[in-house]
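The values are calculated or read from the model by the stated rules, or taken from the named source; none is laboratory data. In this text the structure is predicted, and so the values were computed from the model without any measurement. Positions of Cβ are generated from backbone atoms using ideal geometry, with glycine treated the same way; all protein chains shown enter the neighbour counts.
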Amino acid sequence: MASAQLNLLVNGSFESGFSSWTASTAGTFPASVVTYPSGSLNFNNAVTANTLTSPSTDPIGTRAVYFVDDSQVQTVFQTVAFVTPGTYFVGFDYFIPVLGAANPAPSTVFAAFGSTFASVSTTSTPGVWTPVRQLVTITSPNAYTFSFSFVPTGGAVAGEDILIDRAYVVAVPEPSTYGMLLAGLVGVGLFARRRAAQR
């Protein structure tokens with residue numbers, strides 16, 4: 001990837017809490033924004049620093065959405081008012097706490113932008129930040145909603161939990177953009193070579 005692009009999501013890294021997002025308040029433990037790596041998650045779950053690279057220009061920061069309820073479906077979403085047709089990188093980073101992964105009931109997070117583009121099970125590798133990256137093609141200009149839906153299966157038993165960070169929707173540069181960049185680099189190279197030859 002040549003360079004990071006502008007994130008169409010506002011507060012995609014949740015550094016301002018749920019500002020610009022709508023979060024459901026269902027469950028004994030509603031979705032919340034927590035601080036890591038030194039934050040206090042349920043039962044002292046440890047979370048490491050996020051060192052992943054991302055197509056987004058948003059900073060990594062130290063805050064993330066924490067889903068931990070055992071039985072209630074919870075949703076966090078944001079609507080982008082106007083999206084032009086084209087291809088977009090969409091994605092996020094997730095972390096499954098080791099202690100939470102030891103609980104008996106798995107959970108799943110479904111991510112959607114217009115339609116579902118990813119599902120992450122808490123049975124995935126715990127203890128590391130993991131990226132989810134997809135390409136989504138938008139064919140008609142419209143408002144589109146980016147959402148996370150947390151679906152636990154615990155009920156009366158303890159469920160597995162998950163953190164979500166650095167959500168983004170960024171446009172894939174047009175091929176002509178790469179062509180102009182290449183032409184500019186060639187031009188600069190020729191100019192430098194010509195000046196060197198004149199000396």
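Quick rundown of the values:
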read-out: Conditions (1) among the small types (Gly, Ala, Ser); (2) part of a strand (DSSP E or B); (3) surrounded by 22 or more Cβ atoms within 10 Å (Cβ to Cβ): number failed by Ala111; value: (3)
read-out: Residue in the range 13-22 that is surrounded by fewer than 18 Cβ atoms within 10 Å (Cβ to Cβ), closer than 25 Å to Gly154 by Cα and at pLDDT 95 or above present; value: yes
read-out: Of residues in the range 78-113 being under 21 Å from Ser54 (Cα atoms) and among the small types (Gly, Ala, Ser), the one nearest to the chain's Cα centre (by Cα); value: Gly91
read-out: Residue in the range 18-28 that is under 13 Å from Asp161 (Cβ atoms) and not in a loop (DSSP other than H, G, I, E, B) present; value: no
read-out: Close pairs from the range 46-59: first within 22 Å of Leu9 (Cα to Cα), partner assigned to a loop (DSSP other than H, G, I, E, B) and among the acidic types (Asp, Glu), Cβ under 9 Å, at least 6 apart; value: Asp58/Glu15; Pro59/Glu15
read-out: Filtered residues of the range 76-97 (kept if surrounded by fewer than 14 Cβ atoms within 10 Å (Cβ to Cβ) and not in a strand (DSSP E or B)); value: Thr84, Pro85
read-out: Candidate set: the range 60-75, residues that are of a type in the set (S, T, N, Q) and under 21 Å from Glu15 (Cβ atoms); chosen: the one surrounded by the most Cβ atoms within 10 Å (Cβ to Cβ); value: Gln74
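Matching residues to (1) over 23 Å from Thr57 (Cβ atoms); (2) at pLDDT below 75; (3) in contact with a Gly (Cβ under 7 Å, 6 or more places away or on another chain):
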{"residue": "Gly100", "(1), (2), (3)": "yes, yes, no"}
{"residue": "Val109", "(1), (2), (3)": "yes, no, no"}
{"residue": "Thr130", "(1), (2), (3)": "no, no, no"}
{"residue": "Arg133", "(1), (2), (3)": "no, no, yes"}
{"residue": "Ile164", "(1), (2), (3)": "no, no, no"}
{"residue": "Ala167", "(1), (2), (3)": "no, no, yes"}
